[in-house]
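Asker: Provided herewith is a single structure, encoded as structure tokens, for subsequent inquiry.
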Amino acid sequence: MPGGRRGGLRRDPKVQVISVQINGKKVELGEPTPLLVYLGRLGVDPRAVAVEHNGEIIQRSAFGDVLLRDGDRVEIVRMVGGGSSSAL
């Protein structure tokens with residue numbers, strides 16, 4: 001039988017799937033992934049977001065140092081401009 005058990009498939013031991021929580025939702029990634037790469041996959045401009053990684057606010061200048069790993073929790077918040085030109 002494939003995979004050595006009934007109905008099961010053999011999983012390639014070289015393939016690592018990690019699970020991270022992004023904005024409260026479980027996301028599976030094929031491997032530990034740099035934050036900037038993940039933001040790029042989403043089409044997100046890193047200059048337009050704030051990121052919290054495992055409870056810590058990440059300075060934009062440090063986005064390149066963050067590697068998303070199994071079990072990480074990330075909150076990504078988009079900056080929204082707006083307001084009124086009149087004084088209050």
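The values are calculated or read from the model by the stated rules, or taken from the named source; none is laboratory data. What you see is a predicted model; the values in this text were computed from it and never measured. Glycine gets a Cβ as well: all are built from the backbone with ideal geometry, and neighbour counts include every protein chain shown.
Asker: Can you pull out every residue in region 11-29 that is at pLDDT 95 or above, over 21 Å from Met79 (Cβ atoms) and of a type outside the set (A, V, I, L, M)?
Answerer: Taking region 11-29 first, the residues at pLDDT 95 or above are 18-29.
Still in the running and over 21 Å from Met79 (Cβ atoms): 18-21, 26-29.
Ser19, Gln21, Lys26, Glu28 - these are the residues of region 11-29 that are at pLDDT 95 or above, over 21 Å from Met79 (Cβ atoms) and of a type outside the set (A, V, I, L, M).
Asker: Just for region 43-73: of the residues that are in contact (Cβ under 8 Å) with a residue 12 or more places away in the chain, closer than 17 Å to Pro32 by Cβ and among the acidic types (Asp, Glu), which one is surrounded by the fewest Cβ atoms within 10 Å (Cβ to Cβ)?
Answerer: Taking region 43-73 as the starting set, the residues that turn out to be in contact (Cβ under 8 Å) with a residue 12 or more places away in the chain are 44, 46-55, 58, 60, 63-64, 66-73.
After this cut, where a residue has to be closer than 17 Å to Pro32 by Cβ as well, the list is 51, 53-54, 58, 63-64, 66-73.
Pick out the ones that are also among the acidic types (Asp, Glu) and you get 70, 72.
On the way: Asp70: 13, Asp72: 20.
Per the stated criteria, the residue is Asp70.
Asker: Does Glu28 fit the bill of being of a type outside the set (S, T, N, Q), loosely packed, with under 10 Cβ neighbours inside 10 Å, under 10 Å from the mean Cα position of the chain (by Cα) and at negative phi? Give the steps one after another, and end with the answer.
Answerer: Working: of a type outside the set (S, T, N, Q): yes; loosely packed, with under 10 Cβ neighbours inside 10 Å: yes; under 10 Å from the mean Cα position of the chain (by Cα): yes; at negative phi: yes.
Yes, satisfied.
So that you can scan it fast, the table gives a plain yes or no per residue for (1) in contact with a strand residue (DSSP E or B) (Cβ under 7 Å, 6 or more places away or on another chain); (2) under 22 Å from Val80 (Cα atoms); (3) modelled with pLDDT under 95:
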position: Arg5; (1), (2), (3): no, no, yes
position: Leu9; (1), (2), (3): no, no, yes
position: Thr33; (1), (2), (3): yes, no, no
position: Leu36; (1), (2), (3): no, yes, no
position: Gly43; (1), (2), (3): no, yes, no
position: Val49; (1), (2), (3): yes, yes, no
position: Arg60; (1), (2), (3): no, yes, no
